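Worksheet: one structure, shown below.
The values are calculated or read from the model by the stated rules, or taken from the named source; none is laboratory data. Since we're looking at a predicted model, the values are computed, not measured. Every residue, glycine among them, receives a Cβ derived from its backbone with ideal geometry; neighbour counts consider all protein chains shown.
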Amino acid sequence: MQDNIHNFSRSADEIVIVGGGLAGLFCALKLAPRPVTLISAAPLGQGASSAWAQGGIAAAVTHGDTPELHAADTIAVGGDIVDEAVALGIAREAAARIHDLLAHGVPFDRDFEGRLAVGREAAHSARRIVHVRGDGAGAAIIAALSEAVRRTRSIRLVEGLVAEALLTKDGAVAGLQLREAGEAAAPPLRLATRAVVLATGGIGHLYAVTTNPTEASGSGLAIAARAGAVIADPEFVQFHPTAIMVGRDPAPLATEALRGEGATLINGDGERFMLARHPLAELAPRDIVARGVFAEIAAGRGAFLDARQALGARFAEKFPTVHASCIAAGIDPAMQAIPIAPAAHYHMGGIAVDERGRSSIDGLWAGGEVSSTGAHGANRLASNSLLEAVVYAARIADDIAGRAIPSPARLPDAPAAPHGGAPDAAAVTQLRMMMSARVGVIRDGDGLAEAVRSLAAIEREASNIAVGNMATTALLVAAAAWARRESRGAHFRSDHPADVPALAQRTMTTLTAAREIADSLSERPLPRTAQPMIA
């Protein structure tokens, strides 16, 4: 059911879930029949990165594959900072979560014998990716779960609201401040609650080139950080190497499964440039492929995805979503190579959570891309994101299920933050360009210092809370990237191109620490021997 955004009430012990993507929907369904208020900024099924996921879900569901092999692949690409127990736990729960999704009507592809059909993607040692019509898994999963949510009477659905502040009292959740999406001048709405699940997605739209929807602007991470939550691994941003460059924002994605089916990467001279960069060539880990694509573009040779020989006329049938994006841009992928570039795609960092999805703030859970579980380390293995989202959504629901949620007390005062006025389009453009130019695929100390100073100024001077939240999250990413004086996984610094074994640890930081770095950089240049804020 759906309530009017100006007039909705809740029972005292009701759980509030913020986010209408995979983690939020699945958690709400897993909590049934316990009362839940599900708040979605966009109409359900829209505005969620999970709905755009083309690859599928990784799960060891075939003979000869095991959760242990899946976990080993996850650990191998994670830059030596994957929490191995977390990776193995997720892999072991994968089959059960796939069956949950099947029970909700997700039409995963089957082979001729009726078994789940599986594909292979980069850095997986086995074919273990379950798909829907080749490249439509995300959309199909969100459609099925959205329909299930609308049918579930215990879920109160409120669409069209954005969470812009988390209210706390004595270190615990006390409420949320919300506002109508796209209505900066509208008065804020304040909701008392002692239990919040943030499932607001990632940060891709902080970058000028991204595959993520507009709603993926880091707001959930920002409101948790502003409330004092510990943030983990914010410097690790994964850039998908094959965004289709046809002048669209967000950029359409050419799924990694294309390379799994034999498509190659070539430059403008027709040369396969990944052969010289990694033994797995096009199927190397995403960070390596992204840097390879970036280097060809920087050298002026351009980069292209070539599926002409591997798929040819079968392209439209095998990958209808990618085919439609290409045709709309005047490219026939059966006959032409597709122009590509790296794009901000997935954030390995986020709100630090434990194995049950609990954050450092009492009464606050986080699931999906807004969280950081330790499963991905410095570089996410392909198709592990949707899996992590459903596994942790189920764990959060299980953790909450046996709890008695205290009745909300009187709402505390709202935290000091900008509120009124329309977003400053120039400030948003400046922020996104700065993130792509200085905190992107290849980084260096001077560029990161410039970014930290600029982003701190945008956050400090923002007159609109949405822009302030974007700047808060961007500052956390840039400050942690500046502080990590090495290259690891998706974080590559040209001035520190090697990994430092002593720094093979996850980052644990706060907004206060990021602001202290910004203050130090504004006062004087910090010595290059300064150590990262890792723990």
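Residue by residue, here is whether (1) at pLDDT 95 or above; (2) under 20 Å from residue 304 (Cβ atoms); (3) of a type outside the set (Phe, Trp, Tyr) holds:
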position	(1), (2), (3)
179	no, no, yes
188	no, no, yes
192	no, no, yes
198	yes, no, yes
205	yes, no, yes
225	yes, no, yes
230	yes, no, yes
236	yes, no, no
252	no, yes, yes
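Taking the stated definitions as given, is residue 202 under 25 Å from residue 464 (Cβ atoms) and part of a loop (DSSP other than H, G, I, E, B)? Here the answer is yes, as residue 202 does meet what is asked. The lone criterion from (1) modelled with pLDDT of 95 or more; (2) closer than 30 Å to residue 222 by Cα; (3) of a type in the set (A, V, I, L, M) left unmet by residue 288 is number (1). Residues in segment 434-445 that are within 16 Å of residue 218 (Cβ to Cβ), part of a helix (DSSP H, G or I) and not polar (S, T, N, Q): 434, 435.
Keeping to segment 365-385, report how many residues are of a type outside the set (Val, Ile, Thr), crowded, with 24+ Cβ neighbours inside 10 Å and out of contact with any Gly (no Cβ under 7 Å at 6 or more places or on another chain). Full working, then the answer.
Initially, segment 365-385 is screened for residues of a type outside the set (Val, Ile, Thr), giving 365-369, 371-372, 374-385.
Applying the additional criterion that residues be crowded, with 24+ Cβ neighbours inside 10 Å yields 365-369, 371-372, 375-385.
Checking the rest, the ones that are also out of contact with any Gly (no Cβ under 7 Å at 6 or more places or on another chain) come to 375, 380-381, 384-385.
Here the count works out to 5.
Of the helices (runs of 4 or more DSSP H) entirely within segment 34-124, those holding at least 2 residues that are closer than 30 Å to residue 235 by Cα and β-branched (Val, Ile, Thr) occupy 67-77, 84-103. If you check 199, 216, 181, 224 for being of a type in the set (A, V, I, L, M, F, W, C), in contact (Cβ under 8 Å) with a residue 12 or more places away in the chain and farther than 29 Å from residue 489 by Cα, only one passes: 181. Restricting attention to segment 303-320 and to residues that are in contact with a strand residue (DSSP E or B) (Cβ under 6 Å, 6 or more places away or on another chain) and of a type outside the set (D, E, K, R), the residue that is surrounded by the fewest Cβ atoms within 10 Å (Cβ to Cβ) turns out to be 304. Under the condition of being on the phi > 0 side of the Ramachandran plot and either among the basic types (Lys, Arg) or within 30 Å of the chain's Cα centre (by Cα) (or both), the residues counted in segment 301-324 number 1.
Taken over segment 481-503, the residue count meeting the criterion of being touching a residue at least 40 places away in the same chain (Cβ under 8 Å), in a loop (DSSP other than H, G, I, E, B) and either under 17 Å from residue 221 (Cα atoms) or under 22 Å from the mean Cα position of the chain (by Cα) (or both) is 4. Within segment 443-458, the set of residues being among the hydrophobic types (A, V, I, L, M, F, W, C), out of contact with any Leu (no Cβ under 7 Å at 6 or more places or on another chain) and crowded, with 18+ Cβ neighbours inside 10 Å comprises 448, 451. Of the residues making up segment 132-167, those that are of a type in the set (Val, Ile, Thr) and closer than 20 Å to residue 109 by Cα are 132, 141, 142.
Taking the stated definitions as given, is residue 461 at pLDDT below 95 and surrounded by fewer than 18 Cβ atoms within 10 Å (Cβ to Cβ)? It is true that residue 461 is at pLDDT below 95 and surrounded by fewer than 18 Cβ atoms within 10 Å (Cβ to Cβ).
Is there any pair linking a residue in segment 133-148 that is basic (Lys, Arg) to one that is at pLDDT 85 or above and outside any helix (DSSP H, G or I), with Cβ under 7 Å and at least six apart or on different chains, and which? Matching pairs, first to second residue: 133/109. Taking the criterion of being under 26 Å from residue 508 (Cβ atoms) and out of contact with any helix residue (DSSP H, G or I) (no Cβ under 8 Å at 6 or more places or on another chain), the residues of segment 66-76 that qualify are 72, 73, 76.
Among the conditions (1) in a loop (DSSP other than H, G, I, E, B); (2) touching a residue at least 40 places away in the same chain (Cβ under 8 Å); (3) not acidic (Asp, Glu), residue 270 misses just one, which is (2).
Figure legend. Inter-residue proximity from segment 306-335: first residues touching a residue at least 24 places away in the same chain (Cβ under 8 Å), second residues among the acidic types (Asp, Glu) and surrounded by fewer than 17 Cβ atoms within 10 Å (Cβ to Cβ), beta-carbon distance below 8 Å, spacing 6+ or different chains. Indicated pairs: 326/332. Which one is surrounded by the fewest Cβ atoms within 10 Å (Cβ to Cβ) among residues in segment 77-129 that are under 20 Å from the mean Cα position of the chain (by Cα), within 25 Å of residue 286 (Cα to Cα) and charged (D, E, K, R)? Top of the filtered list is 83.
Annotation note: Cβ proximity below 6 Å between a residue of segment 71-83 that is within 13 Å of residue 503 (Cα to Cα) and a residue that is surrounded by 24 or more Cβ atoms within 10 Å (Cβ to Cβ) and of a type in the set (S, T, N, Q) (sequence gap 6+ or interchain) occurs for 79/379.
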